[in-house]
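Working notes, structure below.
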Amino acid sequence: MKSIQTKGAIIHFNSNVYSELNNHIKVTNPSSIFILVDTNTHEYCLPKFLSNLESNDIVVEVMEMPEGEDHKTIDICLGVWEALSEYHADRKSLMINLGGGVVTDLGGFVASTYMRGIDYINVPTSLLAMVDASVGGKTGVDLGSLKNQIGVISEGSMVLIDTSFLDTLPQNHMVSGYAEMIKHGLITDKNYWDTLTQLEELDISDLDQLIYDSVVIKNNIVSEDPTEKGLRKILNFGHTLGHAIESYFLQNADKTPLLHGEAIAIGMLLEAYLSAKVCALTLNELKNISDGILKSFQKVQINEQDLEVIIRLLKHDKKNSHGKVKFVLLDAIGKPKIDCEVSNDVIYEAFNYYNNL
């Protein structure tokens with residue numbers, strides 16, 4: 001597969017990942033290398049990565065953070081910044097973020113702000129991070145249970161996608177990443193959507209190409225609108241309600257937290273219903289989307305008492321302006337529409353639709 005040039009980073013795939021990494025180290029000659037992992041990637045991914053790393057006698061330090069979205073916080077950032085300082089990291093140091101979306105988001109933010117910015121490389125190890133979190137330069141952390149409220153847009157020098165790391169991934173995390181691939185089809189390419197909803201006709205050898213295609217879709221969007229003034233907003237389809245649901249389940253002790261993709265799948269079902277109500281999405285397309293998503297994602301019980309809190313959380317969405325909630329909806333599969341306003345009554349209808357699927 002060909003490497004992909006983004007506005008900032010170069011994305012490399014599989015066979016040339018480690019040769020490109022080692023050449024980058026040889027050419028740039030960093031003063032030190034810091035590898036950020038979480039407890040899972042430390043055990044399952046770091047040994048393989050280190051066996052392929054040629055550090056050329058450069059000091060390599062490994063920094064470990066706890067696993068999970070609830071650790072994507074400014075407090076963890078503070079610990080990583082302090083570790084970098086204690087190990088005398090300087091402006092010529094290189095940071096490598098080896099992990100899923102939490103690690104690449106947080107690690108990119110830390111690197112972008114330490115000494116006003118040091119070089120970093122993302123090595124995504126989850127499907128979600130490969131197709132979404134590690135591409136496009138969005139870095140940051142959550143503010144309490146509110147998703148991605150603190151951060152900057154800043155791309156590292158490269159992204160290294162080694163799909164063999166997916167062998168270490170639990171099935172539910174694979175499905176979570178699949179949600180973002182589904183989204184890419186729904187907002188840009190009906191043929192890609194159709195392919196993704198017929199996974200029973202594919203085998204594992206097709207996955208690499210599907211991942212590559214998904215990365216190309218996201219990169220094409222980001223390249224046209226890196227700071228999310230217009231087109232890039234379409235990547236938020238399913239995320240307005242999805243993030244509110246994810247935050248609610250994260251902060252509520254009586255709920256089992258949802259993986260990001262699980263929440264976004266619910267968000268896409270709800271926002272597809274909104275699209276049929278206030279945009280031009282047909283009822284046949286709504287059924288197509290609902291059936292396609294429910295092939296892979298189980299429904300989650302959302303009670304009436306949950307709804308008021310979830311809807312209140314919508315006001316924190318980053319796409320909002322002038323106090324109004326802004327949705328990305330669909331006029332058709334592959335034809336998104338940004339900055340849509342929807343009444344609360346229709347949002348309640350959407351949850352009723354979801355609960356009755």
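Taking the residues in the stretch 121-133 that are free of Cβ contacts under 8 Å to residues at least 60 places away in the same chain and open to solvent by 10 Å² or more (accessible area, probe 1.4 Å) as candidates, determine which candidate is farthest from Gln209 (Cα to Cα). Spell out the reasoning first.
Looking only at the stretch 121-133, we keep the residues that are free of Cβ contacts under 8 Å to residues at least 60 places away in the same chain, and these are 124, 126, 129, 133.
After this cut, where a residue has to be open to solvent by 10 Å² or more (accessible area, probe 1.4 Å) as well, the list is 126, 133.
Numbers: Ser126: 16, Ala133: 18 Å.
For the stretch 121-133, the residue satisfying everything is Ala133.
Say we look at the stretch 36-73 and pick out the residues that are polar (S, T, N, Q) and over 24 Å from Phe109 (Cβ atoms); which of these is modelled with the lowest pLDDT?
From the stretch 36-73, those polar (S, T, N, Q) are 39-41, 51-52, 55-56, 73; that's our starting set.
Among the residues that remain, those that are also over 24 Å from Phe109 (Cβ atoms) are: 51-52, 55-56.
Numbers: Ser51: 97, Asn52: 97, Ser55: 94, Asn56: 90.
Result: Asn56.
Being touching a residue at least 40 places away in the same chain (Cβ under 8 Å), open to solvent by 40 Å² or more (accessible area, probe 1.4 Å), of a type in the set (Phe, Trp, Tyr) and touching a strand residue (DSSP E or B) at 6+ places or on another chain (Cβ under 8 Å), is that true of even one residue in the stretch 74-90?
yes
Only one of Ile333, Ile338 is surrounded by 18 or more Cβ atoms within 10 Å (Cβ to Cβ) and modelled with pLDDT of 95 or more. Can you tell me which? So that I can check it myself, show each step before the final result.
On the way: Ile338 fails: surrounded by 18 or more Cβ atoms within 10 Å (Cβ to Cβ).
Testing whether each residue is surrounded by 18 or more Cβ atoms within 10 Å (Cβ to Cβ) and modelled with pLDDT of 95 or more leaves just Ile333.
Where in the stretch 1-69 are there helices (runs of 4 or more DSSP H), lying wholly inside it, with at least 3 residues that are open to solvent by less than 20 Å² (accessible area, probe 1.4 Å)? Can you show your working first?
Working: elements: 17-28, 39-44, 46-52.
Ranges flagged: 17-28.
Filter the stretch 164-185 down to the residues that are open to solvent by less than 20 Å² (accessible area, probe 1.4 Å) and either more than 14 Å from the chain's Cα centre (by Cα) or without any contact (Cβ under 8 Å) to a residue 24 or more places away in the chain (or both) and list them by number.
Phe165, Leu166, Gly185
Counting residues that are modelled with pLDDT under 95 and not β-branched (Val, Ile, Thr), which strands (runs of 3 or more DSSP E) fully inside the stretch 82-158 reach at least 2? Break it down into steps so the answer makes sense when it comes.
On the way: elements: 94-99, 119-124, 138-143, 146-153.
In the stretch 82-158, the matching strands (runs of 3 or more DSSP E) lie at 138-143, 146-153.
What are the residues in the stretch 322-355 that are polar (S, T, N, Q) and either assigned to a strand (DSSP E or B) or more than 15 Å from Leu286 (Cβ to Cβ) (or both), if any?
First pass over the stretch 322-355, keeping only residues polar (S, T, N, Q): 343-344, 352, 355.
Across the stretch 322-355, the qualifying residues are Ser343, Asn344, Asn355.
Only one residue in Gly242, Gly261, Gly238 is surrounded by 20 or more Cβ atoms within 10 Å (Cβ to Cβ) and on the phi > 0 side of the Ramachandran plot. Which one?
Details: Gly242 fails: on the phi > 0 side of the Ramachandran plot; Gly261 fails: on the phi > 0 side of the Ramachandran plot.
Within the list Gly242, Gly261, Gly238, the selection yields Gly238.
The values are calculated or read from the model by the stated rules, or taken from the named source; none is laboratory data. Treat the numbers as computed from the prediction; the structure is a model and nothing was measured. Reconstructed Cβ throughout: ideal geometry from the backbone, glycine too, with neighbour counts over all protein chains shown. Ligands, DNA and RNA are stripped out before the accessible areas are found, and what is left, the full protein with its side chains, is counted by its heavy atoms. Shrake-Rupley method; radii C 1.70, N 1.55, O 1.52, S 1.80 Å.
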